[in-house]
Amino acid sequence: MPTTHTPGPTGRTDPRRVASAATGPARKRGTARRGEPPGASDAGPATDAALRRRVVIEDVTPEVDGGRFPARRILGERLVVEATIFADGQEPIAADLLYRRSGERAWNRVEMEQYGEDRFRGQFVCDELPSYEFTIEAWIHTFAKWQHDLSRRKPSGQDFEVALEMGAHLLADGAGRAPSEGDRRTLLRAADQIVGSAPRRQRLRAALDPDLTLRMRSLSNPRLRTAWHRALRVKVDPPKAGFSSWYEMFPRSASPDPDRPGTLRDVERRLPYVAEMGFDVLYLPPIHPIGTTHRKGPNNADVARPGDPGSPWAIGSPLGGHKAIDPALGTFADFRNLLRAARRLGIEIALDVAFQCSPDHPYVTRHPEWFRKRPDGTIQYAENPPKKYQDIYPFDYETEARESLWQELLSIFLFWMDRGVRIFRVDNPHTKPFPFWEWCIAEIHRVDPGVILLAEAFTRQTIMYRLTKLGFTQSYSYFPWRYDKIGITRYFTELTHPPVSDFFHPNAWPNTPDILTGPMQYGSRAVFITRLVLAATLSASYGIYGPPFELMENVPREKGSEEYLDSEKYVVKHWDIDRPDSLRSIVARVNAIRRENPALQSDARLRFHRIANGRLIAYSKATEDNQNIILCVVNLDPAATRAGHLTLPIADWGIPASEPYEVSELLSGAACTWQGNSAFVELDPGTAPAQIFRLHRQAALDQREGR
């Protein structure tokens with residue numbers, strides 16, 4: 001169990017003085033400055049203490065960018081800290097992992113265990129928001145070294161007696177730092193015993209008592225301890241940051257009546273449909289008033305027709321801006337009712353935050369200094385040559401009025417947080433300055449550390465990773481463009497291993513309103529099922545844009561485009577969610593499997609497995625205790641049956657090669673028995689393009705059946 005560290009006084013080497021020093025006052029608890037490890041104030045080559053420290057600490061992990069950014073863990077997860085620790089000579093090393101919650105002064109200690117050569121590991125549970133800091137302290141375990149040397153001596157002669165006297169001296173020295181009077185007496189009694197008049201072999205047994213080894217471990221001279229030169233941080237994110245199932249829908253397309261647009265009340269009536277499919281986050285594109293100047297028409301046409309609704313991302317009109325609800329969608333009372341109804345069903349509402357304005361936004365007239373001007377004095381609209389977005393004005397983050405702009409943008413988050421929103425999807429954060437996000441997210445989490453921010457950053461990998469280091473809780477991933485075996489394997493291996501896994505929480509989406517990738521355009525029902533299973537099992541957090549996904553919409557605007565034909569971004573749609581060919585039942589089953597199997601609720605133990613077919617991909621996830629083992633096999637060929645022999649690491653799962661084990665296929669409900677580390681699988685895309693197996697170890701089966 002971790003213990004709270006309160007440094008004691010430094011004793012002298014004379015045993016009698018050491019013994020009397022134990023009764024003196026203890027050093028004040030937590031004397032290290034915040035962010036500074038114990039002993040750091042003594043660091044530096046000029047000090048005598050530094051010259052006497054022999055232990056070296058190197059290669060501490062996790063350490064994100066040299067400690068510039070915190071590592072990330074989900075609430076309830078363990079943080080495993082490792083380091084290379086060594087010293088000159090052959091003396092045994094003792095090391096402690098020190099950690100404390102943000103705002104605390106005292107350090108908690110956990111003993112680090114050595115594994116391999118010079119590598120040590122310690123861990124603690126991140127059981128509170130928002131953050132912890134941690135460091136390492138190591139020293140030579142002088143008493144353990146003495147015991148080791150003593151055990152190799154013959155219990156006879158003057159040398160043996162001298163060795164015992166040295167041990168007594170060490171015990172008396174340790175007694176001077178003992179945390180309690182009981183410990184002090186125990187150590188002094190042991191010192192007297194080993195230099196007493198009892199037979200030598202009896203005194204040898206007393207000197208080698210393992211209890212003394214444990215007691216003396218933490219009582220070394222603190223001035224001879226080496227402290228890692230900095231305190232590292234770990235940010236703790238709420239549970240949904242690590243495991244969540246997202247569903248995106250446009251409120252204006254939620255109407256059951258094809259003759260009128262949808263409203264927030266219609267979204268509320270659609271909640272049971274979303275809940276039945278097993279989603280716990282419902283993400284709504286912007287719900288604010290939409291501008292009319294340069295409003296876009298269907299398929300992003302430059303000229304809108306009368307009655308065209310425009311893009312929800314062209315935010316702002318005389319009716320209001322980012323802190324208003326489009327009256328066509330409803331009122332703030334409707335929004336409150338929606339949040340309450342969603343939470344009763346276990347669903348959180350996520351809102352889109354897009355920092356851009358239509359020409360009609362109140363900010364344009366009230367704060368023209370927040371926008372970049374063209375030479376003729378007009379405001380510069382958004383461009384991505386050759387594309388032009390005359391209906392959108394971007395903010396100028398380099399304006400002289402930067403402070404007022406940044407404060408106002410922060411206030412948009414705080415406004416919706418005050419109204420009960422705790423999850424935001426942030427539009428194109430990679431087009432805004434890094435310093436803004438670092439400041440803004442820190443302020444958001446200062447108010448509520450449980451707020452989740454999903455970065456819609458389909459951009460270069462370096463930028464995507466930087467945004468999450470700056471504070472974004474999750475990020476969209478490259479999953480839409482990873483659809484071959486090598487690409488999927490390499491990408492998700494990178495995401496689920498350090499250093500990326502130390503700070504990055506991916507969210508996998510097969511489709512979005514902006515993304516309809518090639519395989520889904522030309523694929524069949526099998527393609528949608530395989531993309532669903534891959535997203536939902538490779539990544540602990542995933543989402544779909546519906547109803548287009550479950551209704552298998554796959555027509556692009558034009559050849560070579562990833563835009564949907566007649567995209568909902570520009571028109572109101574009516575979806576027949578009760579179509580008999582809908583994938584809603586399959587989506588519901590996949591989400592139920594995710595909820596029922598803890599292995600799928602984390603990315604920590606994803607492993608890919610060898611399978612003798614280039615169009616089949618196999619991978620597994622398992623809990624740390626191997627009580628829940630999930631194996632997925634997916635046919636990446638939508639046009640042909642594929643088969644192959646699969647090799648499994650059953651020994652790592654605690655499954656003996658000589659014993660059969662039960663395998664349940666969770667999508668179909670079928671079950672069979674396998675034995676050994678090889679299995680044959682065959683997947684027909686017409687009937688079973690993907691299979692999700694749960695492996696039951698024999699011990700678990702015996703327990704379940706009462707044997």
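The values are calculated or read from the model by the stated rules, or taken from the named source; none is laboratory data. Quick caveat: nothing in here was measured; it's all calculated off a predicted structure. With ideal geometry, Cβ positions are generated from the backbone for all residues, glycine too; neighbour counts draw on all protein chains shown. Accessible surface areas use protein heavy atoms only, side chains included; no ligands, DNA or RNA. Shrake-Rupley method; radii C 1.70, N 1.55, O 1.52, S 1.80 Å.
General remarks:
- In summary, the aspartates and glutamates within cross-link reach of Lys154, defined as a Cα separation below 20 angstrom excluding same-chain residues under 8 places away, comprise Glu165, Asp209.
- Helix 264-276 and the longest principal axis of the C-alpha atoms of the chain enclose an angle of approximately 50°.
- Ordering 489-501, 93-105, 297-309 by mean Cβ neighbour count within 10 Å, with the highest value first, yields 93-105, 489-501, 297-309.
- Average 1/r across all pairs of distinct alpha carbons in region 88-141, invert it, and you get the Kirkwood radius: 12.4 Å.
- Too-long pairs where the Cα-Cα distance tops 29 Å, listed order kept, from Lys485/Lys621; Lys485/Lys573; Lys235/Lys432; Lys235/Lys387; Lys323/Lys373; Lys240/Lys388: Lys485/Lys573; Lys235/Lys387; Lys240/Lys388
- Reciprocal of mean inverse Cα separation for region 65-158 (Kirkwood radius, Å): 15.6
- Ranked by solvent-accessible area (1.4 Å probe, protein heavy atoms only, all chains present), the residues Lys387, Lys145, Lys154 order from largest to smallest as Lys154, Lys387, Lys145.
- Once the gyration tensor of the Cα atoms in region 197-296 is diagonalised, the equivalent ellipsoid follows with semi-axes of 71, 21, 7 Å, ordered largest first.
- With the largest listed first and rounded to whole Å, the semi-axes of the equivalent ellipsoid of region 181-229 from the Cα gyration tensor are 27, 12, 9.
- Only alpha carbons enter this Debye calculation for region 317-459, each as an equal point scatterer, and the log10 of I(q)/I(0) it gives at q = 0.18 Å⁻¹ is -1.20.
- Per the Debye calculation on the chain with a single equal scatterer at every Cα and no solvent contribution, log₁₀ I(q)/I(0) for q = 0.05, 0.06, 0.11 Å⁻¹ amounts to -0.34, -0.48, -1.15.
- Cα gyration tensor of region 165-246 - equivalent ellipsoid semi-axes, whole Å, descending: 43, 16, 11
- Cα-based helix-to-principal-axis angle, 434-447 vs the chain, degrees rounded to 10: 80
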